[in-house]
1. Among residues belonging to region 137-146 that are within 16 Å of Arg187 (Cβ to Cβ) and not basic (Lys, Arg), point out the one that is least open to solvent (accessible area, probe 1.4 Å).
2. May I ask you to list the residues in region 83-93 that are within 34 Å of the chain's Cα centre (by Cα) and open to solvent by less than 30 Å² (accessible area, probe 1.4 Å)?
3. Just give me the residues in region 173-209 being over 12 Å from Thr128 (Cβ atoms), open to solvent by 20 Å² or more (accessible area, probe 1.4 Å) and modelled with pLDDT of 95 or more, in sequence order.
4. Residues of region 94-130 being without any contact (Cβ under 8 Å) to a residue 24 or more places away in the chain, of a type outside the set (A, V, I, L, M, F, W, C) and either within 22 Å of Gly208 (Cβ to Cβ) or surrounded by fewer than 18 Cβ atoms within 10 Å (Cβ to Cβ) (or both), which ones?
5. Just checking, how many residues over region 150-166 are surrounded by fewer than 18 Cβ atoms within 10 Å (Cβ to Cβ) and touching a Phe, Trp or Tyr at 6+ places or on another chain (Cβ under 8 Å)?
6. I'd like the full set of residues that are assigned to a strand (DSSP E or B) and either polar (S, T, N, Q) or over 29 Å from the mean Cα position of the chain (by Cα) (or both), limited to region 190-208.
Amino acid sequence: MERPVRVTPTGDGLSRRGWLILVAVTAAIGVAVLVVGIATVGLPAGGARAAASSSSPAAAPHPPLPPPAPTPLGLPPRPTATHVATVPSQPVGTLKPGDCLQTYDSKWADAYPVVDCAERHIAQLLTTGSLPQPADAAFPGKDALDTQVSSLCEPSLNWDWVARWNEDVQLDLRYPDTSEKWATGDRTYYCIVYTFSRHELTGSAVAGQ
């Protein structure tokens, strides 16, 4: 009886059984690598999509532009044309509280054109009077006089009228504001209201009118 021939490994290679085992192991490793590769490639893509959807929100819509500010009631839209006097001017010393000034370029003018307040005008004399300091009193300084004259002017101002124009309202204080003017003994003050944008106004800005 012949004895079976045993194939044994040699220094040049593996046996048949070794090759089979090697092939099987290699195939198993290949399948495992393929599965891991698919998982590795597929999952980040989905994760990236999820991250993109969560980290890239839709662009916020532009806020709507605010509507234009309404024109104060009873007044023309801004701006108005150049103002020209059509009536004779009256000396400043003859003006009475409540007089409406058709044009107004400076609080130091010698005279102003006066019109009925129902007509369009640029400024109005709120009030006028004399400061209580005697003729020989020392000049108190412009800041102190500003405060004093302001306190004398503000009670004559119609605050409902002021609310129409808000920050556009300007109040000019005319009084002897230098030591030289003060030394003459003049104590007359004037309070003149107008708008910074020099709009034509209608109606009166004086309280109670």
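1. Filtering region 137-146 down to residues within 16 Å of Arg187 (Cβ to Cβ) leaves 137-142, 144-146.
After this cut, where a residue has to be not basic (Lys, Arg) as well, the list is 137-141, 144-146.
Values: Ala137: 28, Ala138: 84, Phe139: 70, Pro140: 59, Gly141: 20, Ala144: 51, Leu145: 0, Asp146: 44 Å².
By that ranking, first place goes to Leu145.
2. None; the set is empty.
3. Correct list: Asp177, Thr178, Ser179, Glu180, Lys181, Ala183, Thr184, Gly185, Asp186.
4. From region 94-130, those without any contact (Cβ under 8 Å) to a residue 24 or more places away in the chain are 94, 102-103, 105-106, 109-112, 116; that's our starting set.
After this cut, where a residue has to be of a type outside the set (A, V, I, L, M, F, W, C) as well, the list is 94, 102-103, 105-106, 110, 112, 116.
Answer for region 94-130, where residues must be without any contact (Cβ under 8 Å) to a residue 24 or more places away in the chain, of a type outside the set (A, V, I, L, M, F, W, C) and either within 22 Å of Gly208 (Cβ to Cβ) or surrounded by fewer than 18 Cβ atoms within 10 Å (Cβ to Cβ) (or both): Thr94, Asp105, Ser106, Asp110, Asp116.
5. Count: 0.
6. Of the residues in region 190-208, the ones assigned to a strand (DSSP E or B) are 190-195, 201, 206.
Correct list: Tyr190, Cys191, Thr195, Val206.
The values are calculated or read from the model by the stated rules, or taken from the named source; none is laboratory data. Since we're looking at a predicted model, the values are computed, not measured. Every residue, glycine among them, receives a Cβ derived from its backbone with ideal geometry; neighbour counts consider all protein chains shown. Calculation scope for accessible area: heavy atoms of the full protein, side chains included, ligands and nucleic acids excluded. Shrake-Rupley method; radii C 1.70, N 1.55, O 1.52, S 1.80 Å.
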